[in-house]
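Below is one structure, written out as structure tokens; comments come after it.
All of the numbers you see were taken from the coordinates with simple rules; none came from a lab. None of these values were measured; they are calculated from a predicted model. Neighbour counts are summed over all protein chains in view; Cβ atoms, including those assigned to glycine, are modelled from backbone coordinates with ideal geometry.
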Amino acid sequence: MYDFAYQKPASVADAVKLLADPEAKPLAGGMTLIPVLKQRLNKPNSVVDLAKLGLTGITVSGGTVTIGAMTTHAAVAASAEVKRAIPALAALAGVIGDPAVRYRGTIGGSLANNDPTADYPAAALALGATIKTNKRSIDADSYFQGMFATALEPGEIITAVEFPIPQKAGYEKFRNPASRYAMVGVFVANGPKGVRVTVTGAGQNGVFRHAGFEQALAKSWSAASLDGVKTPADGMNSDIHGSAEYRAHLVGVIARRALAAAG
């Protein structure tokens with residue numbers, strides 16, 4: 001690595017001031033930033049650690065689960081409140097990476113980075129989550145804008161994520177055996193915003209909603225309703241781990257498993 005200033009602000013306001021410098025980078029769990037710093041793919045003059053901003057914790061109130069942005073994956077996976085309200089969300093958090101990743105990585109960091117193979121974007125989009133920042137509230141449908149792209153503005157910090165509690169929800173993924181990222185992950189939900197099916201890991205532009213599956217499940221919440229609904233290979237990732245056609249096929253397989261998990 002190379003020399004840079006390390007900042008550890010004690011308030012969101014102080015963090016925002018430090019991040020006004022375009023050469024400064026925020027540090028949440030560090031699961032993405034630290035590796036790219038080591039590889040010199042990113043060279044900020046200042047790293048702003050968000051650990052002391054008080055952005056942790058989980059509350060359930062009024063049909064909504066609110067999770068602080070700096071809450072770790074492990075905390076979400078172990079939360080009794082999340083397990084009762086949205087079991088699929090706790091299950092998703094429990095299969096992110098490995099224990100080292102889950103005890104350092106944060107929900108806010110994952111959503112801010114919007115890796116096209118990450119798990120949380122699928123949950124946020126399927127459940128119709130609201131991403132809260134120091135400036136505003138952003139609906140998940142508007143938040144995700146392509147691979148590694150979000151609606152966040154420079155210096156904007158995610159403070160919490162609000163998830164409406166669904167009637168049913170399930171998540172399953174086909175993991176890359178080395179990284180444990182989702183080659184294909186599917187989240188199905190029937191909640192306040194209707195039936196939603198989202199896919200992560202498969203698409204070239206990141207997480208997306210599967211309109212065909214949504215329409216089929218809105219008519220009948222059953223695996224049989226997905227029979228005959230095709231997933232086009234156009235726009236799917238193709239690499240050494242699997243072709244676009246293979247991923248398109250996996251979407252249907254994993255969707256049925258997610259549906260079974262949802263009940």
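The dipole here belongs to the chain: it is taken about the Cα centre, uses +1 on the Cβ of Lys and Arg and -1 on the Cβ of Asp and Glu, and is about 460 debye. For the range 86-155, a simple Cβ point-charge model (Lys and Arg +1, Asp and Glu -1, everything else neutral) yields a dipole of about 240 debye relative to the Cα centre.
For the range 204-253, taking Cα atoms only, Rg and Dmax work out to 11.9, 37 Å respectively.
In the calculated pair distance distribution of the range 1-110, what percentage of Cα-Cα distances lie above 26 Å? When all Cα pairs of the range 1-110 are counted, 27 percent exceed 26 Å. Secondary-structure-derived ellipticity at 222 nm for the chain, considering helices only, amounts to -8500 deg cm²/dmol, per-run term -39500 (n - 2.57) for DSSP H runs with n ≥ 4.
For the range 54-146, place one equal point scatterer on every Cα, skip the solvent, and apply the Debye formula. What is log10 of I(q)/I(0) at q = 0.19 Å⁻¹? These q points yield log10 I(q)/I(0) values of -0.88. Just so you know, the averaged projected area of the alpha carbon convex hull for the chain sits at 13.4 nm². Straight-line cross-link reach from K230 at under 25 Å between alpha-carbon atoms covers these lysines, not counting any fewer than eight positions away in the same chain: K168, K173, K193, K219.
When you count the other C-beta atoms within 10 angstrom of each residue and take the mean per peptide, 218-229, 82-93, 121-132 line up highest first as 121-132, 82-93, 218-229. As a proxy for reagent exposure, ranking D139, D234, D3 by other Cβ atoms within 10 Å from fewest up yields D3, D234, D139. Measuring max minus min along each principal axis, the C-alpha atoms of the range 5-49 give extents of 30, 20, 13 Å (largest first).
Going from the fewest other Cβ atoms within 10 Å to the most, the residues V101, V253, V161, V184 appear in the order V253, V101, V161, V184.
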